[in-house]
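Data first, discussion second: the structure below is written as structure tokens.
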Amino acid sequence: MPALAEIAAAAQRYGFHKTAAIPVAEVDAAFRAFYQEYLARGLAADLKYLSRPERFNPLSILPSARTLLLFFYPYRFRAVEDKLRTTPFKIARYAWQKDYHVSLRAKLTRVLTELALTGRAVTDSAPLFERYWARRAGMGFIGKNGMLIDRASGSYFFIAAALIEEGVETRGDIPLRREARPLTDDFSEICKDCRLCVDSCPTGALFGDGLMQTEKCISYRTIETKAPAAYAHGDKKHRWIFGCDICQQVCPYNKTAASFAQDMFNDEHPVVAQIAAGADLPARVRLKESVFLRRGPAKLRENIAALEP
């Protein structure tokens, strides 16, 4: 049986940090009810994949899995911060990197291979509630903006996961929260009376209870919806054309140096700075290996046009 410390050491060589392991199981009844209410209220907009029932059971991804491994991969780099301060248009920090769906899955697959573990690496590419399981594994708390927040490093990280057939010796590295805890416990623990994320959202998408009105979210409008991104006149000052980080930017836990990733893992895509600068959008082939490829240059042009006076 591999030790969690051994897995964490191998993952760290590829840029992952804060590794956790939790036995594979279905989500608890409290979260299932919470999530089904979210769907029933129509807060997921037209994102139909969010309602697939297999999301409640990780065994739908790998029926033979015994353990779910979870990893943080920071994506906030000082070099990107410098560019964001000067570019006329804003792109979410995670999108400055090469497509994480591909790069992180490849890194995790190498970790599994090195340790001779049998399983499947997933990076936001399978029906898995990554934030829920990371919370249950004791890796952080859910904030009022719905993000998983770690006291030491904030929220600027991907949550990558791997389902493996082996059991893992945790040795008490991270205490599991096996009981179902209401989100209000998290808000009291991590956010207290702070409402900066809720009050700073230009479109009023956040409710302050961990949920949001998806169709109002700038990330949804600039990435997910096929309709042109439309804003009220006063909303245009945000200047985001792909994704949005406002609810993370204002979070006090993201104000510390610990929230920055190591420069050696900066895998910035070469065309992002050009796009943020408002340069002529590249041909589709030049978007290869970027998260923009799925939407293409036409969507980016529409997003820029929506912000014009």
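For the reader, a short list of remarks on this structure follows.
- In the stretch 92-111, the residues that are of a type in the set (Ser, Thr, Tyr) and more than 15 Å from the chain's Cα centre (by Cα): Thr109
- Pairing each residue of the stretch 65-90 that is under 20 Å from Ala21 (Cβ atoms) with any residue that is open to solvent by 20 Å² or more (accessible area, probe 1.4 Å) and small (Gly, Ala, Ser), provided the two are 6+ apart or on different chains, yields C-beta distances under 7 Å for Ala65/Gly119.
- Test for Ser125: is it of a type in the set (Gly, Ala, Ser), within 14 Å of the chain's Cα centre (by Cα) and open to solvent by 20 Å² or more (accessible area, probe 1.4 Å): yes
- Count - residues of the stretch 203-212 that are in contact (Cβ under 8 Å) with a residue 24 or more places away in the chain and open to solvent by 40 Å² or more (accessible area, probe 1.4 Å): 2
- Where helices (runs of 4 or more DSSP H) fall wholly inside the stretch 213-309, the ranges with 2 or more residues that are buried (at least 17 other Cβ atoms within 10 Å of the Cβ) and more than 17 Å from the chain's Cα centre (by Cα) are 272-276, 296-307.
- Any hit, the stretch 64-71, residues being in a loop (DSSP other than H, G, I, E, B), more than 25 Å from Cys251 (Cα to Cα), open to solvent by 70 Å² or more (accessible area, probe 1.4 Å) and in contact with an Asp or Glu (Cβ under 8 Å, 6 or more places away or on another chain): yes
- Restricting Val102, Val27 to residues that are part of a helix (DSSP H, G or I), of a type in the set (A, V, I, L, M) and surrounded by fewer than 20 Cβ atoms within 10 Å (Cβ to Cβ) narrows the list to Val102.
The values are calculated or read from the model by the stated rules, or taken from the named source; none is laboratory data. Quick caveat: nothing in here was measured; it's all calculated off a predicted structure. Neighbour counts run over all protein chains shown; Cβ positions are idealised from the backbone, glycine included. The protein model used for the area step is the full one, side chains on, heavy atoms only, and it has no ligands, DNA or RNA in it. Shrake-Rupley method; radii C 1.70, N 1.55, O 1.52, S 1.80 Å.
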